[in-house]
1. What number of residues within the range 47-88 satisfy the criterion of being under 23 Å from Ile28 (Cα atoms), acidic (Asp, Glu) and assigned to a helix (DSSP H, G or I)?
2. State which residue pairs qualify: first residue in contact (Cβ under 8 Å) with a residue 12 or more places away in the chain and among the charged types (D, E, K, R) and inside the range 72-84, second residue in a helix (DSSP H, G or I) and crowded, with 16+ Cβ neighbours inside 10 Å in any location, beta carbons under 7 Å apart, and separation of 6 or more residues or different chains.
3. So is Leu42 assigned to a helix (DSSP H, G or I), free of Cβ contacts under 8 Å to residues at least 24 places away in the same chain and surrounded by 15 or more Cβ atoms within 10 Å (Cβ to Cβ) or not?
Amino acid sequence: MEATYEQEIDLLQKTIDHICYAFYRYEIKPGLASFESMVSQLMPILTRHAHEEERIQEINQLLEMIVVAVEKKDYLIAADLLRYELLQRIALLTSVSA
């Protein structure tokens, strides 16, 4: 059974919550594993909204910032960007196109 769009968004939010929880507790390996999962969950959502080029570009720039933070082992910044920036941008993207 294929997940509905709302289920995909809900799953993405739960995954981001799990990443943030892990990073805030400095449980890096589980956080990184969930981060990889989040990227694969995010791609179909972004593909559905490909016509929202400006918003997609903002999200891509934000993802680049998150990856840089992870590469620099600044997991708290990465978690904050995920929780307070990425989730809001995804919500804006999905509400505009709904």
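The values are calculated or read from the model by the stated rules, or taken from the named source; none is laboratory data. None of these values were measured; they are calculated from a predicted model. Here Cβ is always computed from backbone atoms with ideal geometry, including for glycine, and neighbour counts include all displayed protein chains.
1. 4
2. Pairs found: Arg83/Ile16; Arg83/Cys20.
3. no
Each row is one residue, and each column tells you yes or no for (1) surrounded by fewer than 17 Cβ atoms within 10 Å (Cβ to Cβ); (2) touching an Asp or Glu at 6+ places or on another chain (Cβ under 9 Å); (3) modelled with pLDDT of 95 or more.
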{"residue": "Gln7", "(1), (2), (3)": "yes, no, no"}
{"residue": "Thr15", "(1), (2), (3)": "no, no, yes"}
{"residue": "Ile19", "(1), (2), (3)": "no, no, yes"}
{"residue": "Ala22", "(1), (2), (3)": "no, no, yes"}
{"residue": "Thr47", "(1), (2), (3)": "yes, no, no"}
{"residue": "Gln57", "(1), (2), (3)": "yes, no, no"}
{"residue": "Ile66", "(1), (2), (3)": "no, yes, yes"}
{"residue": "Lys73", "(1), (2), (3)": "yes, no, yes"}
{"residue": "Ala78", "(1), (2), (3)": "no, no, yes"}
